[in-house]
Structure formats: structure tokens, C-alpha cells
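Here's the structure we're looking at; comments come further down.
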Amino acid sequence: MKKLASIFKNKEIVNRIFFTIMVLFVIRIGAAITVPGVTVSQELNDLMNSGNSLALMDLLGGGALSNFSIFALGVSPYITSQIIIQLLSKNVLPALTELSKQGEQGRKKIEMATRYLTLLLGAVQAYGIIRTMINSSYISLNLDDNFGTYVYIIAVLLGGAMLTMWLGDQITEKGLGNGISMIIFAGCVRSLPTQITTAWDKWITGNVAHGSGEMVTGAFQFAIYILAFLLIIGFVVFIETSRRKIPVQNAGKGRATSSMARASYLPIKLNSAGVIPVIFAASLMSAPAIVAGFISQEAAEAEWLQIFNYNQTFTMPWFDGSHWEMNWGLFIYLALIIAFSFFYAQMSIDPEKLADNFQKNGSYIPGVRPGKETERYVGKVLNRVTFMGSLALALIAALPIVLVWADLFGDDVSLAMGGTGLIIIVGVAIELNNQIDGLIAGKSHERAREG
């Protein structure tokens, strides 16, 4: 309550909260406006509610894809562009690598390159989605099926994507949290009330007419469900806040052996890659179906595509004539998450560059020699921490798939707990809490200085 009171007493925080809510409200309105000239079929909504890998894009867009709205692309092209530019900046493209070392000026140029790439990827992605949706009979055109119609719809979707990106920038500058993260956060949060309401209707309201015995059983099941939900949230919070602290000492110039050397820590997050590996893995899993739908309806219905569907089993033929039926899609999905976790962790924390910076700044890890030995030590710790973090991330991402596969909730697949959405919600909520604490502390310091 004390923190809540501090928030409402801080005019800057209140203004930032109000601005963020207004921008998210505008995005929600846009997500409900279907692209003019397009009719959405019920099959598209059913697909998005089935837990298919294609539903991830709908999740990131806050339900915009299920309506084929003007914001259907959401922030996906921008996120993909950011990741590609980051990859190319890691000694792959010399020009971008040089820009990344030029401070604020270089950062602005890299941001401009990201926006241009967003336009290109957005156009390609928009055309692919249109063709896939038409071939799969998820949407139908009320206009002539010609080149001009496609250009018109792509322009509308691109305009929506760029507007979403601009609104995200406004939240970052004038609101709370990172704008892109907040947009995704809002899209994920919107499903929580529906999920709790569905659980209440299933176990409480649905048992009212079946006597007191069924009511008690239903209430117990609902209580267990809420408790399990809270435990999973607690586990995600633990994963997101866990860090391996490597002790570091900074002796300063000419005082490397001084007993007054300042001690600090190098924190390595258990899940340093965040939700990026899950987004990458799900995108790769959905890519074959999108490409097949782009070609024709017959290709989209090919049986071999089921191997990339983590909600269904697939019968794999072997050389000896036998068959092995299992959920191959789930294993591929988890393997990709773990692989991308290691890949992105190495991008975020470069042991070689870190060891280099330590030597330049006169810092060292006690008991570890500077240079190559420090590089190997940090790399070893990073790999161990990332291994545990990737397993935890894979477990959380797989949880709703396993629960649906085990048929614990019957036809109510929306009741499955965990998954990408929960990871995003917890991660962004922690960032928001830290930012609010920083603003409150800054205001208190300012008042103390004035007093």
C-alpha cells in the first residue's frame, strides 16, 4: 500500500501510466478492425484457439491476426528485423559492426537500418500471410483477386505495422517500460481474464445444477487450478530473477594488488535470452506450414507437415518397415528452444570481449588469470547457467502443450497454463516494477536534495 501511495503521489509516474494505457487502448481498437475488403471465416478463429504454432503470431499481436485486422502483422516484422541486425552486427557485416562501436550516432543509424528492414520483411510477410490465409480458406476477398488488391492489402498491413512500431516508440519515450514489450504484454494479458472465467464456468457455474456434492468437488478443482497457476507464476518469477554472480574486483590503475580493491559482481541471468528462443523456435516450426499454404491448398494439407505440429502425434516410417508414432513436433520444438537459448546467450554475453574489457579496466576475477583463462572461465559458467535456464524455458513453453496433449481439460484447451505468454507477462511485469522503483527512488532523492 505504501508503494501504491508513492506511485499516485508521483505525478510523472501517473502521467506515464495514463499515457501507456491510452496508447494500448488505441492498439486494441486497431486490433479489432478487420482489413477492409476481407471476410474472416470461423476456421481462422478455431485455428488460433487450437494452440497451433501459428497462434504465436496472434499472441504477439494481441489477437489482431485472428481478426485479420489492420494490425495483423503486429510487432513481428520489427522483432525479426532487430534480431537479424543484431546477428549481422556481431562481426558478420563489417559496416554494421563498425556502427555498433560508434556510440549514440551509430545506434541511430542501426535503428534506421532496422526500420528499413522492417518494411521489407513486413511486405514479404504480409504477402505470405495473405496467400496462406486464402489458400487455407481462412479469409476471402470481397474485392477483385488481382495485383492491385494485393498491393492495397499489403499497404494496409504495412501501415498498421509501422504505426504499431511508432506507438511502441512513444510508450518507450513517454510511457512506462519498453514500448514493444508493453504491446506484446498487453496482448498476452488480455487472455488471462477469459482463462479464469472459463475455469470458473467449468468447475463452479457448470456444477450448480448437479447438487452440493458436485459443487464441492468443482470448488476444490477450481482452487487446485488457481493454486497451480500461482505456483507456475512463482516458478517463472524465480527463473527470470535468478542470477549467477561471478565475483569481480577492480583495483584501479596502478593498484592491482591493493587490499583496498573494490569488489563487485558480474551477474549472469539464468534465462539471459528471455523469450527470444521460444519466438524463434515457434517461427521455424510454423514456417513449413506457411510456405506450403503459400503454394497451394493441397500442399497445405500434406500429411508430412504434421511432424512440425507440436499438438499432434506423427507416425514416422523407418528403414526396416516399422513405424514409430510419437509427438515429434514437441521434441523438435524443445530442441530448437534449447539451441537458440545457447545461441542468443553467446550473443548477449561475449566471453572474449568481456575478458578484453576486464584487462582494459584493470578488473579481474579472483583466482582466475586475465586474458584467455578469464575468457574460458566466463564461457564455462555461461554455458552451465544457460543449460539450466534453457531447460527451465523449454519446460515452461512445453507445459501447455503437454497439458492439452494429456487431455486434462477436455475441449477447453484455453485452460492450459504456462507457455510463451506467461513468460512474457512475468518478464515485462518485473521490468515495470524495477522502472517504477527507479522513478520513485529518483523522486525521493530529488526531494531530499531540495530539503
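Residues of segment 186-197 that are within 18 Å of the chain's Cα centre (by Cα) and either free of Cβ contacts under 8 Å to residues at least 40 places away in the same chain or surrounded by fewer than 23 Cβ atoms within 10 Å (Cβ to Cβ) (or both): Ala186, Cys188, Val189, Arg190, Ser191, Leu192.
For Leu121, indicate whether it is among the aliphatic types (A, V, I, L, M), surrounded by fewer than 18 Cβ atoms within 10 Å (Cβ to Cβ), out of contact with any Leu (no Cβ under 9 Å at 6 or more places or on another chain) and modelled with pLDDT of 85 or more. Answer is no for this residue.
From the list Leu158, Leu141, Leu176, Leu163, which one is closer than 21 Å to Thr80 by Cα, of a type in the set (A, V, I, L, M, F, W, C) and open to solvent by less than 60 Å² (accessible area, probe 1.4 Å)?
None of the others qualify; the one that does is Leu158.
Tell me yes or no: at least one residue of segment 198-206 is open to solvent by 30 Å² or more (accessible area, probe 1.4 Å), part of a helix (DSSP H, G or I) and of a type in the set (A, V, I, L, M). No, there is no match, as no residue in segment 198-206 is open to solvent by 30 Å² or more (accessible area, probe 1.4 Å), part of a helix (DSSP H, G or I) and of a type in the set (A, V, I, L, M).
Within segment 82-96, the presence of at least one residue that is within 30 Å of Ile349 (Cβ to Cβ), open to solvent by 60 Å² or more (accessible area, probe 1.4 Å), out of contact with any helix residue (DSSP H, G or I) (no Cβ under 7 Å at 6 or more places or on another chain) and assigned to a helix (DSSP H, G or I) is confirmed. When Ala355 is tested against (1) modelled with pLDDT of 85 or more; (2) under 25 Å from Lys90 (Cβ atoms); (3) exposed (fewer than 14 other Cβ atoms within 10 Å of the Cβ), only condition (3) is not met. Cβ-Cβ below 8 Å, separation at least six or inter-chain, first residue in segment 11-31 and more than 10 Å from Ile183 (Cα to Cα) and open to solvent by 80 Å² or more (accessible area, probe 1.4 Å), second modelled with pLDDT under 90 and in a helix (DSSP H, G or I): which pairs? Between residues of segment 11-31 that are more than 10 Å from Ile183 (Cα to Cα) and open to solvent by 80 Å² or more (accessible area, probe 1.4 Å) and residues that are modelled with pLDDT under 90 and in a helix (DSSP H, G or I), the close pairs are Glu12/Leu439; Glu12/Lys443.
Given the structure, is Met215 closer than 25 Å to Asn15 by Cβ and surrounded by 12 or more Cβ atoms within 10 Å (Cβ to Cβ)? Against the criterion (closer than 25 Å to Asn15 by Cβ and surrounded by 12 or more Cβ atoms within 10 Å (Cβ to Cβ)), Met215 does not qualify. So, of the residues in segment 358-381 that are open to solvent by 80 Å² or more (accessible area, probe 1.4 Å) and in contact (Cβ under 8 Å) with a residue 24 or more places away in the chain, which turns out to be nearest to Gln86 (Cα to Cα)? It comes out as Arg376. Note on segment 241-270: residues that are out of contact with any Lys or Arg (no Cβ under 6 Å at 6 or more places or on another chain) and either aliphatic (A, V, I, L, M) or modelled with pLDDT under 85 (or both) amount to 18. If the condition is being in a helix (DSSP H, G or I), in contact with a Ser or Thr (Cβ under 8 Å, 6 or more places away or on another chain) and of a type in the set (A, V, I, L, M, F, W, C), then segment 342-381 contributes Phe342, Ala345, Leu354, Ala355, Phe358.
Scanning segment 68-86 for residues that are among the polar types (S, T, N, Q) and modelled with pLDDT of 85 or more gives Ser69, Ser81. The lone criterion from (1) farther than 30 Å from Ala223 by Cβ; (2) free of Cβ contacts under 8 Å to residues at least 60 places away in the same chain; (3) surrounded by fewer than 21 Cβ atoms within 10 Å (Cβ to Cβ) left unmet by Tyr152 is number (2).
The values are calculated or read from the model by the stated rules, or taken from the named source; none is laboratory data. Note that the coordinates shown come from a computational prediction; the quantities given were computed from them, not determined experimentally. Cβ coordinates were reconstructed from backbone atoms using ideal geometry, including for glycine residues, and neighbour counts include every protein chain displayed. We work out accessible area using only protein heavy atoms, side chains counted, and drop any ligands, DNA or RNA first. Shrake-Rupley method; radii C 1.70, N 1.55, O 1.52, S 1.80 Å.
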